[in-house]
Each structure stands twice: as C-alpha cells, then as structure tokens.
1. Taking the stretch A:45-54 on its own, how many of its residues are more than 9 Å from A:VAL184 (Cβ to Cβ) and surrounded by fewer than 20 Cβ atoms within 10 Å (Cβ to Cβ)?
2. Scan the stretch A:9-26 and give yes if some residue there is within 7 Å of another protein chain (Cβ to nearest Cβ), touching a residue at least 40 places away in the same chain (Cβ under 8 Å) and outside any helix (DSSP H, G or I), otherwise no.
3. State which residue is surrounded by the fewest Cβ atoms within 10 Å (Cβ to Cβ) when the search covers only the stretch B:12-45 and only residues that are aromatic (Phe, Trp, Tyr) and under 24 Å from A:ILE190 (Cα atoms).
4. Being out of contact with any strand residue (DSSP E or B) (no Cβ under 9 Å at 6 or more places or on another chain) and assigned to a loop (DSSP other than H, G, I, E, B) narrows it down to one residue among B:LEU73, B:LEU39, B:LEU46; which is it?
5. Pick out, from the stretch B:80-181, the strands (runs of 3 or more DSSP E) lying fully within it that include 3 or more residues that are touching a Pro at 6+ places or on another chain (Cβ under 9 Å) and either modelled with pLDDT of 95 or more or within 27 Å of B:LEU46 (Cβ to Cβ) (or both).
6. Taking A:GLY70, is it open to solvent by less than 20 Å² (accessible area, probe 1.4 Å) and more than 10 Å from chain B (Cβ to nearest Cβ)?
7. Using beta carbons and a limit of 7 Å, which pairs, at least six apart or on different chains, have the first residue in the stretch A:125-137 and more than 7 Å from chain B (Cβ to nearest Cβ) and the second one of a type in the set (Val, Ile, Thr) and open to solvent by 30 Å² or more (accessible area, probe 1.4 Å)?
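The values are calculated or read from the model by the stated rules, or taken from the named source; none is laboratory data. This is a predicted model, so every value here is computed, not measured. Reconstructed Cβ throughout: ideal geometry from the backbone, glycine too, with neighbour counts over all protein chains shown. Surface accessibility is based on the protein's heavy atoms, side chains included, excluding ligands, DNA and RNA. Shrake-Rupley method; radii C 1.70, N 1.55, O 1.52, S 1.80 Å.
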Amino acid sequence: MSDPQPSVAPIERRVDAVEAVLATHGHRPSEFVVEATKTADERWVPENGARIVARAWTDPAYRARLLANGKAAAAELGFELPRHHRHLVFLEDTPDVHNVICCTLCSCTAFTIIGLPPDWYKDFDYRARVVRESRTVLKEMGLDLPPEVEIRVWDTTADTRYVVLPLRPRGTDGWSEERLASLVTKDAMIGVARIAAPARSS
Amino acid sequence: MDGIHDLGGKQGFGRVRHSPNGPPFHAEWEKRANALYGLAVRAGILNMDEYRHAIERMTPRHYLSASYYERSLTGLATLLVEKGLVTPDELERLAGGAFPLASASAPGRTNAVDAPRFRVGDRVVVRNEHVAGHVRMPAYIRGKRGVVVGESPPYPFPDAHAHGVAADDEPTYDVRFATSELWPNAADDAFVHVGVFRSYLLPVP
C-alpha cells in the first residue's frame with residue numbers, strides 16, 4: 001500500500017507559499033500586493049469606459065476616432081492599456097446590431113477600461129454557452145432582444161481587446177457628458193445589458 | 001492542446017450566475033493571488049502565454065473544481081517550479097500540505113512557414129490542426145470558414161511564446177463566423193467573431 005496522499009493545503013497557505021518564494025528571490029511581494037490592489041480598486045474601474053462612451057455619444061468626431069482606433073481615443077482621455085494589449089476595438093451597437101464580448105478560453109477583458117471581469121464572465125456557464133446560445137443566454141440574463149436584431153459575439157482569444165459602445169438611451173437629450181456617463185455600466189460595455197432610458201423625473 | 005479550458009460551445013452547462021455590479025474579489029487571498037501573478041509578469045519571471053498555458057495544463061478535475069483565483073495561483077506556482085525558483089517539496093513545506101500543480105507541457109511550435117497575409121473581406125478557413133502545446137485557436141472554429149473583418153498589430157505567437165520557442169510576431173485577424181457554420185442546426189442564429197493568429201488560417205480556395 002502506498003502512503004495516503006497528504007491533504008491539500010488551504011488556499012490561503014498556498015498563496016503564502018508563493019508569496020514567500022517571490023520574497024526569497026527579492027521581488028518584495030507584500031509591497032506589490034498593496035500597490036496592485038490599490039491600482040485595481042481605484043484605477044481599473046468601469047467609470048473609465050463610461051467616460052469614453054459618454055464622450056462618443058456627445059462628440060461625433062470623437063466617436064469616429066474611437067471606432068477607428070480605440071487605443072488612441074482612450075489615451076486622449078488619459079486611459080492606458082497594459083503593454084500586451086496592443087489593440088482596442090470599440091464595437092458599435094445600432095438599433096439593428098447588438099454586440100457582446102466573452103473569453104471562452106479564460107477571462108480576457110479590457111480591464112483597465114471596464115474594470116476587472118465579473119465572476120460570471122469568468123465562470124464556465126457563460127464561457128461555454130454565450131458563443132453558441134447567445135440569444136438564449138442574453139434573455140436569461142434579462143436582455144430579451146427583438147428577433148430582427150443581429151447578435152455579434154466577440155471571443156477574446158488574442159490580446160486585442162473589445163468594448164461594446166452601447167446605444168445612447170432615449171430621453172437623454174441635452175444631458176451633460178458626466179450625467180450620461182453615470183448611466184453606463186460594466187454589463188452594458190460587456191454587452192449583456194442595454195442601457196435603459198432614464199425614468200422621467202418631475 | 002485540446003484541454004478542458006477550451007469551453008466554447010460545450011453543452012450541459014447551466015444558467016449564468018449573473019450578479020450585476022458584484023465585486024471582483026471576495027477574499028483577501030484572491031487579491032494577493034491576482035497581484036502575485038502580475039508581479040511575476042512584471043518581474044520578467046513569466047509571460048502571459050506561459051501563464052495561460054500553465055492554467056490550461058491543470059488536470060481537468062482540478063481545473064473544474066478550482067475557483068478562478070485558485071487556477072491563477074496554480075498556474076503561477078507551476079511556472080515558479082518549472083523555472084527553477086522553487087521545488088514542489090519546498091512549496092508543500094511552505095504551504096504546510098499538498099500543493100497540486102499543473103501537468104507538464106508538450107513542446108511548442110513556431111509560425112507556419114506558408115502563412116499568407118489577409119485583408120478585410122477575405123474568406124478564410126481555419127486549419128484543421130491539433131496542437132499539443134499552447135494554442136489560442138478555440139476548438140469550435142477548427143476547420144470552419146469565415147470572413148476577415150479586422151486586423152490587429154503583430155503580437156507574439158502564443159504557440160511559441162508559451163514555450164520559449166523563437167518565432168516572429170504575427171497579426172491576428174478578427175474572423176466572423178456564422179453559428180450555422182460552427183454548429184449547423186444546433187445553435188442560436190448569430191455571428192461569432194474570433195481573434196485568429198495568421199498561422200491558424202488558410203485562404204478559402
């Protein structure tokens with residue numbers, strides 16, 4: 001009989017072990033964890049993408065530049081991509097076309113623009129199904145598209161990153177860019193939601 | 001590799017557990033795991049293709065039962081061992097228990113010698129290839145026909161870059177496939193766009 005397998009170490013202890021290895025090799029991981037967590041919490045937020053979308057809704061010349069070169073247009077507003085994301089494509093929704101992004105192989109997103117991907121985006125159900133059953137999956141997630149709307153799914157299999165440029169909701173004429181930006185969600189920039197027209201206020 | 005990670009189009013999965021505006025992290029260790037892989041990339045210990053492939057090499061049972069950040073940590077730890085920064089025994093001593101790692105890698109490959117260039121509008125077919133090492137061609141497009149709708153700047157070729165094999169950078173093409181081509185009579189009607197490396201494509205004769 002062979003020896004029984006030792007039980008798997010708790011995940012926190014496995015993280016400790018990896019951190020210790022990196023520390024032994026002089027990489028100062030504890031300082032980096034603080035810095036990286038702060039960056040993720042404060043700088044990689046969906047408000048970045050929301051500002052880009054709101055600018056595209058209000059400035060036709062910016063919209064044209066954004067659709068021609070997403071990376072350069074994002075940089076105009078001060079938003080950068082990691083070095084390995086060399087190309088950023090904004091996908092224009094129209095009344096007849098709806099775009100939705102995914103990463104069937106893992107979890108790739110333009111995380112500096114829309115924030116880190118949500119749990120469900122990285123989960124197996126979304127990854128397996130959205131490419132094959134897009135209309136059904138979107139409906140289950142609360143987005144029941146009319147049958148005449150063409151669905152375009154974008155699978156992020158390379159380091160080109162995609163962001164959906166959603167339709168501007170009706171009832172927002174004359175709104176400031178800042179107020180428009182407050183309507184734009186991470187879900188809308190992934191493409192699993194359309195942005196609802198705001199409720200009329202008195 | 002035809003690994004468990006290659007999930008696109010697999011059947012039997014359920015409803016998406018959608019949580020609008022959910023936080024990206026749920027525990028302190030997840031933030032640390034995420035930061036540590038970022039540190040390893042920044043320090044030049046590993047590149048993104050090596051990291052992705054290390055996760056893909058997890059045994060299917062482990063891959064499917066691990067959370068996202070456990071998969072990330074397992075990929076990172078596997079590469080620290082393979083690159084000689086630590087031994088499995090030392091990792092387990094530090095962790096105080098077993099530390100499951102990913103399986104060994106198959107060899108990588110360099111660019112296709114006969115890879116043509118394409119332009120927007122070209123009709124293309126994905127090569128019918130089964131690649132033992134890292135590859136960024138999801139299985140659901142293998143052998144399928146589509147149309148080029150976009151081109152990216154050149155990127156490191158993943159099949160080589162994940163394995164320390166020399167290769168030229170090459171562009172990816174955004175290729176548009178109809179779901180009726182990918183899963184005839186067995187999918188919702190839609191178009192799927194995939195970023196496909198030049199070496200994976202041939203012109204439609």
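1. Going through the stretch A:45-54 one residue at a time, the tally reaches 1.
2. Within the stretch A:9-26, none of the residues are within 7 Å of another protein chain (Cβ to nearest Cβ), touching a residue at least 40 places away in the same chain (Cβ under 8 Å) and outside any helix (DSSP H, G or I).
3. B:PHE13
4. Numbers: B:LEU73 fails: assigned to a loop (DSSP other than H, G, I, E, B); B:LEU39 fails: assigned to a loop (DSSP other than H, G, I, E, B).
Going through B:LEU73, B:LEU39, B:LEU46 in turn, the sole match is B:LEU46.
5. Details: elements: B:123-126, B:145-151, B:172-178.
The qualifying strands (runs of 3 or more DSSP E) are B:123-126.
6. Yes, satisfied.
7. none
The rows are residues; the columns are (1) loosely packed, with under 15 Cβ neighbours inside 10 Å; (2) in contact with an Asp or Glu (Cβ under 8 Å, 6 or more places away or on another chain); (3) within 12 Å of another protein chain (Cβ to nearest Cβ).
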| residue | (1), (2), (3) |
| --- | --- |
| B:LEU80 | no, no, yes |
| B:THR110 | yes, yes, no |
| B:ARG117 | yes, no, no |
| B:ASN128 | yes, no, no |
| B:PRO156 | no, yes, yes |
| B:HIS161 | no, yes, yes |
